[in-house]
Amino acid sequence: MLVARQQIKKMLGVATTVAVVTAGGVLASASPAQAANWYCPSVNSSGVTIVGCIYPDINGSGSPYLAGTNQGCHNLTGGWNDIASSIRTNPGPGYLLRIWIDANCSGTSVGVVPGGQGNFAGGGTVYPFPNDKASSWAVYPPGHW
């Protein structure tokens, strides 16, 4: 009787381990960090329309810099200069978001059309722009790009 009880405990232990591992695998495929990749809000906390997001890490990871519809050239400041690794634009506003390697919208640049997303280096869609080199940006409204 004692042997049977030990065998049952062992089988229950194995079954519990399998259940936990299986559930962990399912949960891992939908973790909050993965779900947050490429998130770009359509408006900021002040109600300003967001054209696109510039991320410090590849695959749209990290807290993004939010580029609004305000036109003209904007330098990346506040610790954002030369750290961008990926970019995404929102399709709704229809604006093109262009980033430059140098301040004051000069030097090499790349434009990202509405609904576009990709990395500056690494896997996935790659834009022809060097990683960790973005210094300025501008937006162009529909019909002007």
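Database remark: amide H of L76 closer than 5 angstrom to the amide H of S136, W137 (H placed geometrically; neighbours at sequence offset of 5 or more, or on other chains; Pro and chain starts carry no H). Listing T89, T77 from fewest to most neighbouring C-beta atoms within 10 Å gives T77, T89. The residues packed around D82, meaning those with a beta-carbon under 9 Å from its beta-carbon, carry a net charge of 0 if Lys and Arg are +1 and Asp and Glu are -1. For F129, nonlocal amide neighbours, meaning residues 5 or more places apart or on other chains whose placed amide H falls under 5 Å from its own, do not occur.
A short reminder: the numbers here are calculations on the coordinates, not readings from a lab. In this text, all values refer to a predicted model and were calculated from it rather than measured experimentally. Positions of Cβ are backbone-derived with ideal geometry, glycine not excepted, and every protein chain shown enters the neighbour counts.
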